[in-house]
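As structure tokens, the structure follows; a few thoughts come after it.
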Amino acid sequence: MTDHQVNSKSLSDRLMIRSGMVRKLSSGIYYWLPTGIKVVEKLKNIIREEMNLIGSIEFSSPLIQPIHLWKKSGRLVQYGDELIRFKDRKNRTFALSPTNEESITYLIKDEIKSYNQLPINLYQIQTKFRDELRPQFGIIRSKEFIMKDAYSFHANAKSLQKTYNKMIKTYEKIFDKVKLKYKIILAENGLIGGDISHEFRSDMKRNLKFNGDIDQDHIKIERQFNMDGINTIAIKKESEIEYFKMKYKKISEILNKNDLVLRKMVKLIVVKADPNSDHKFIAILMRLKDVLNVRKVEKQSLVSKPLRFMKKKELLKILNFNQCDFMNTICKSIPIIADYRINRICFPIIGIKVDECYYIDLNFKKKVSYHKICDLVEFQEEYLFQSYGEKIEVRDGNELELGHLFQIGEKYSRSIGAYFQDKQGERKLIKMGCYGIGVGRMISAIIEQNHDDNGIVWPEVLAPFQAAILPININKSNTVRNVSNDLYHTLKKNRFEVIFYDKEMSFGKMLKDVELIGVPHIFIINRVNLRLKRITYRSRMNQLEEYIDLNDVVTFLKQRSLKN
């Protein structure tokens, strides 16, 4: 165990390492050790049980996917460098699966032909891969992670909604079983696609032992640009291309004087390019109301890491304001990476503030070409309210996304070609839902919510061992040894998972070990108590001790297990 591992920024990561659950092989790559595997398998079984109850069928998809499927869906460019790619000996390109929407749709298109075969709901629990730019917080943000991903296929939207609602209830049962505190929020579909999605998030604010957000997908820029860099405004109006200078010094004035709508406006920000690229600058195009997500931008291969924004003096060197046609200048000299929401604006207008005046270029879209279109912005409460008309709960920076459900619709069916024949014999696209749970992330969240100064306090359904037998001076007393052995075999016979310290060890060391790994029920055996045919019971939940009759241990443990 290295000092770096012990000093991890994440409390759950430190406890997982100290308790022998995981070990780090490389940045973002971890071993799961025997204690950790026991917890993982128990959580998997809970997930399986609930998924099976709603008629979901377990399957297993290949980890290796042909890259052409990602090209068909359009996500090859969107995922960028996070998608791990390689070539086989025949020079064919493949990807390691970060998710399976393309591959499962490819399977379904050949298996489902008629409405009589729908709906169908499939799930798997599988290791996924992503080339994280900055792996951190242990298994919370890693390059290799365990995920439950499910996919449902339907003939119509009503059927999809029914399964979607059922899946939300199933997620609630799973989270409740492991006593994990969570909340459900309406979320943005992002790169997955579709119109509706919800997230299950864990509030870990009180238990964090480090500074900064856990979920790095939601880092916000604290500094506001105040229109000092390049900025864009847009209006849904078709007009001829022209350039003009405006005297207004505030965006609010431009809105009021020109009858523009704020939610239709966009902005352009210039950042420093990666030194290894062929460019000096990169332009980022996004809606004015959206907040730039630094991590998402830094994932782009052309952008410098860390991200650096260009100052006004630097911009003046590359923009020709004598001609005022600054958009032509940008298009010729700077690659533009656009947030995908820009496509929803039909006829944009772009503007830039220099020397306290705005220069406006109408219909720049007719001459601009994008180097790449992807997801670049922060989750926005206002955006979701406008889109769905629902009251949205704002995310806390210290929340962790544990589950995500999507109503995708026809996105992948259309790109992959998955059709079915309805009752009237018409050929229609299959509608799709997608449902994910981060297994490793759930374990980290449970530890963050359930621990004390001595170690992990597992809910009993996940504890690697249900009971621990701690014999005091086992090598000095045949009575202690015999009773400990008999108790161990009795508990094993009654299907309890038991850890038995059958070698000489100090009581303090034994107790420290079992409390660190989170064994809920601890039985302490010594000669003094055995004279009265009783042993000491210690609860990991409340640290209280009591004496119980030696002959009542199994009954006592069953009753306690049922209560928990």
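Any read-out appearing in this document is the output of simple, stated calculations on the displayed coordinates, not a laboratory observation. Please read these numbers as outputs of a predicted model, since none were measured by experiment. No Cβ is skipped: glycine too gets one built from the backbone with ideal geometry, and neighbour counts run over all protein chains shown.
Structure note, pairs 183/428; 183/296; 9/87; 24/289; 143/317; 9/42: Cα-Cα distances above 30 angstrom occur for 183/428; 9/87; 24/289; 143/317. Reducing region 488-526 and region 1-80 to their Cα centroids gives an inter-centroid distance of 29 Å. The Cα atoms of region 465-563 define a convex hull whose projected area, averaged across directions, is 5.7 nm². Sequentially through region 143-149, phi angles give Karplus couplings (6.51, -1.76, 1.60; θ = phi - 60°) of 7, 10, 8, 9, 9, 9, 10 Hz, Gly and Pro residues having no value and appearing as x.
Shown in residue order for region 457-466 are the 3J(HN,Hα) couplings computed by the Karplus curve 6.51 cos²θ - 1.76 cosθ + 1.60 at θ = phi - 60°: 10, 6, x, 4, 5, 10, 4, x, 9, 7 Hz (x for Gly and Pro).
Highest mean packing first, where packing is the average number of other Cβ atoms within 10 Å per residue, the peptides 272-279, 172-179 line up as 172-179, 272-279. Under a Cβ-Cβ cut-off of 10 Å, what is the net charge of the residues other than residue 521 that fall near it, where Lys and Arg count +1 and Asp and Glu count -1? Within the 10 Å Cβ shell, the charges total +2.
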